[in-house]
Each structure stands twice: as C-alpha cells, then as structure tokens.
1. Only one of (1) over 26 Å from Glu259 (Cβ atoms); (2) touching a Pro at 6+ places or on another chain (Cβ under 6 Å); (3) more than 14 Å from ligand 1 (Cβ to nearest atom) is not met by Ala379, so which one is it?
2. Which count do you get for residues in the range 168-184 that are more than 16 Å from ligand 2 (Cβ to nearest atom) and in contact with a Ser or Thr (Cβ under 8 Å, 6 or more places away or on another chain)?
3. When the residues of the range 146-158 are narrowed to those that are at pLDDT 95 or above and surrounded by 22 or more Cβ atoms within 10 Å (Cβ to Cβ), which ends up nearest to ligand 2 (Cβ to nearest atom)?
4. Among the residues of the range 334-364 satisfying the criterion of being assigned to a strand (DSSP E or B) and more than 24 Å from the chain's Cα centre (by Cα), which is surrounded by the most Cβ atoms within 10 Å (Cβ to Cβ)?
5. Restricting attention to the range 151-165, does a residue exist that is closer than 30 Å to Leu408 by Cβ, out of contact with any Cys (no Cβ under 9 Å at 6 or more places or on another chain), more than 16 Å from ligand 3 (Cβ to nearest atom) and not in a helix (DSSP H, G or I)?
6. Do we have any residue at all in the range 333-352 that's out of contact with any helix residue (DSSP H, G or I) (no Cβ under 9 Å at 6 or more places or on another chain), small (Gly, Ala, Ser) and within 20 Å of Ile303 (Cβ to Cβ)?
7. Go through the residues of the range 372-387 one by one and say whether even a single one is in a strand (DSSP E or B), in contact (Cβ under 8 Å) with a residue 40 or more places away in the chain and not assigned by TED's automatic domain parsing to the domain that holds Ser325.
8. Going by the structure shown, is Ser340 within 30 Å of Ser181 (Cα to Cα), at pLDDT 95 or above, away from ligand 2 (no atom under 16 Å from the Cβ) and of a type outside the set (A, V, I, L, M, F, W, C)?
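The values are calculated or read from the model by the stated rules, or taken from the named source; none is laboratory data. Model, not experiment: these values are computed from the prediction. Positions of Cβ are backbone-derived with ideal geometry, glycine not excepted, and every protein chain shown enters the neighbour counts.
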Amino acid sequence: MDNIEAYLDANRLRNQDDLFELLRMASVSTDSQYQADVQRAGQWVADQFRSLGFMTEIVETKGHPIVYAETPPVQGAPIVLVYGHYDVQPPDPLDEWVTPPFEPTIRDGNVYARGATDDKGQMLTHIKSAQAWMETEGSLPLQIKYVIEGEEECGSSNLDPFLQQYEDRLEADIAVISDTSQFAKGQPAITYGLKGIVYFELYLEGPKQDLHSGTFGGAVSNPVNALTQMLGKLVDKNGRIQIPGFYEDVVELEQREREQFAALPFSEDEFKSKLGIEDVHGEQGYTTLERRWARPTCDLNGIWGGYQGEGAKTVLPARAGAKFSCRLVPNQDPDKVRDSIQKMLEELLPPGLKMEVIHHHGAPGVVVSLDSPYMSAAAEAIGKGFGTKPVFIREGGSIPVVTAFRELLGIDTLLLGWGLDDDNTHGPNEKFSLDDYYRGTKASAHLWQEISKIIRG
Ligand code: BES
Ligand code: MN
Ligand code: MN
C-alpha cells in the first residue's frame, strides 16, 4: 500500500482539479433548465471510468442516465457495489453564497460549491482510489461495480427499475456508499442507521378568488387558517407526533445504544452555537443525538398562501399550500404512515374547502449489522486513511437505495461518510474539506485491500 499512498500524495492536486471540473457542471436534477449540465456530468463520470479501461455504460432512463461501470472480476475475492450520485440540489438561495455555487473556490482548506460533499466529492473518492490502484498496481484486488445515478436529489424514481433490470449483473457481496458525514472534524465514523421518509404536498382551495376579509371573514373557510390549523395538529408542543398509530411500529432505543450515543463526544453548547439557536427542542425524554438519529420526526418544509407584500392587506386568500415530511425509523412502514396521514387530513379538513394531497417518494429507515467482516474491514481502512479509528453512529437523513440493495440484492451497505455535519448540504455555501477528500480517497484505496482479504461466503 506504500506505492498507492505515495501515488495519492503525488496526485493530490490533480485529483482536486478533477473534482473542480465536475463541480463546475450545474447538474441540478430536479430542474429541467439544467438538463444539459446533468447530461454533461454523467458523461464526465463515464469518461473517468473509460479512461481507466473499465467496462462502462451510460444507461438511459425515463429521466437522467445512470452510469454503470465494472472492473474485471477477481477470482475468490468479494465483489463490491459502489453507489453514488452525480446530481445535486438546486443552489438557491443564490444571494446567500459567498462565491457562486458552480465556481468551486477554496477557502480555509475547503472547496465551496454545490455538490462538493453531496455527493460529487465523496463519490469521486471511490473512483480516484481505483485509479490509484490501476496506475500503481495495474489492477484492483477485487471487483468493483459502480452505480452512479443522476436523480438522487429528485427521488430516484428510475433507480428501482434499473436495479431490477440489472439484478443479475449487480451481484455483489457488499455495497459501499459515501454520502454521509463523519461524527466531527477529526473523528471519522461509520453510519449504521438511516431514517426513512414520507413526503407530502398539500393544497387547499376556498373561494374562487381572494376576498375582503372584513366582508367575508368568519363566514367562509379561510384556506390559510385551515392549513395552519391542520398542520398544527401533526406535532404537539412536547415534540410528540399526533398522527394516529404513528408510534405503533417504532422500536424503542435499547439501553445499550443510548449509552453508546451518550458516550460520544457531543457538545450541545457547540451544536447550539454552530446553528445559531438559543436552545434545542424536540421530543421529551430523548437527547439531541437520540432525536436526530433514532426518533421519528415531522417537519414542514415550506408553506405559502395569502399576501406577502409590503404593508397590510386585509384579504381572505383563495388558496394555500404546504410541503411537509416525516422522517421514519426502522420498522415503521412508510405506506401505513402515509395512509394514516391522508385519513387524518381528510378528517381535519373544514367545510367549504377543496383539498389536494400529493404523495412523493417514501422510503423505510434501516439499520445495518455492525457484526460483519466487512464492517471490520471498513473500520480498519478508515483507521489507515484518516489516522483515527471510526466511531459508529446513526443519521437522520435518508438514502433509500440502501433498502433496495438489501431487498433486491440481499446485501448490506457500508455507509462511509467523509463529510461533516456543517458542510451546508442542500443549503447555501456547501463545502467539502480537501483534507477529507484526500483522506477519504486513501481510506477507499485501503478498503479495496482490506475487503479483498475476506473469504467470500
Ligand atoms: N446525502 C444525502 C443523505 C444524507 C442526508 C446523509 C443527511 C447524511 C446526512 C442524500 O443526498 C439526500 O439528500 N437524501 C434525501 C433523500 C430523500 C430525498 C428521499 C434526504 O435525506 O432528504
Ligand atoms: Mn447525497
Ligand atoms: Mn442530498
């Protein structure tokens, strides 16, 4: 591994330049205005694989293409399936970026750009590590299959059909995803649990146009009043979700896990000051890490309706809308939760209003086994790449493909996050530490070595 480490050292700047090239492509998957850049980013990823001589396919879908690549099989060694995404979230609010989102800029050892950590930078570490092997050893010690999609940030609706179609070719022993975070700066982590999600859009419509709130108020249902009343019933002031049956399938945290969370070096004061809040708030009886990692939640993601301009306007708005989502923990069934929310909304709807409910992508939560040779291999590799042994954490975000890999391919996933919680993913000024990009690539190169020692079975 000395050769490979030396290679990564010598090629540090070249690997950064390559990342910057990818970051300059505005591959916003949810907005058709960026279509050409999404295509270019997919092509760019495919070209990386092709330049290494890997069998590469750009798989067209109903949406954005999936890039699939395979390295040659290695007799007796496990097969690893790497998943990542080359698409990114929209960059807005644009005016809050210190430097433009698609002009990668280095400040304080971080690269600032949309997608820097989610997921271009993290994903690329697993390509650059393979490149290091190819260009020093001439081959990899195991077979890697890459699935790099372009629709993760808009619901991955074409991923399941692809996985089904490619099921046989995707045969693997373990999946690897780097699309999460370390526990803290200098403290790498392996994530063994993710939350699931259900996502709603809700529209209410009242009178056929805006009305005078004096002339008609109190006699006609106001869509904004109704919307806030209905949504206000989702969570009580103690952070308990009020959706009927919501907690039925929630598995309580075990004492042992609570102790493990509590033993992590988490400072609530630091957490508060980083977020600019006076106090934390959430479900009574749980710590901040428990709430974030292992308790279900419900959040409004956006709400609109009525007059937003300057000054007062006495109006009874004709319509209102909102987006909201619940994060689920393992064993909660997204379909069941969705149905019970639908029913609750129907019961709460006041007379005289029309309601439309749109259900978006849902996904269950997952926990993966800590007790596997692959976990040990990953811990070993991270220790070598970062110089510090990882801790084991859970995460409040969702990566639905982890469940798909388990259900369809029967394999677990190693969630090896190189990011940090304050990387501003999905917000303005997203960043990724260039040291972590380098260390992540090194850990990835070691991972291929460590996993190759495992006897398949
Ligand atoms: N990389 C994230 C998942 C993630 C979020 C990991 C937070 C660690 C911390 C991924 O790109 C993402 O944004 N997932 C969505 C999934 C959803 C749209 C189904 C999420 O969690 O909101
Ligand atoms: Mn991501
Ligand atoms: Mn994301």
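1. (1)
2. Looking only at that region, the number is 1.
3. Of everything passing the filter in the range 146-158, Glu152 is nearest to ligand 2 (Cβ to nearest atom).
4. Checked the range 334-364; the qualifying residue surrounded by the most Cβ atoms within 10 Å (Cβ to Cβ) is Met355.
5. Yes: the range 151-165 contains one or more residues that are closer than 30 Å to Leu408 by Cβ, out of contact with any Cys (no Cβ under 9 Å at 6 or more places or on another chain), more than 16 Å from ligand 3 (Cβ to nearest atom) and not in a helix (DSSP H, G or I).
6. There is no residue in the range 333-352 that is out of contact with any helix residue (DSSP H, G or I) (no Cβ under 9 Å at 6 or more places or on another chain), small (Gly, Ala, Ser) and within 20 Å of Ile303 (Cβ to Cβ).
7. Taking every residue of the range 372-387 in turn, none turns out to be in a strand (DSSP E or B), in contact (Cβ under 8 Å) with a residue 40 or more places away in the chain and not assigned by TED's automatic domain parsing to the domain that holds Ser325.
8. no
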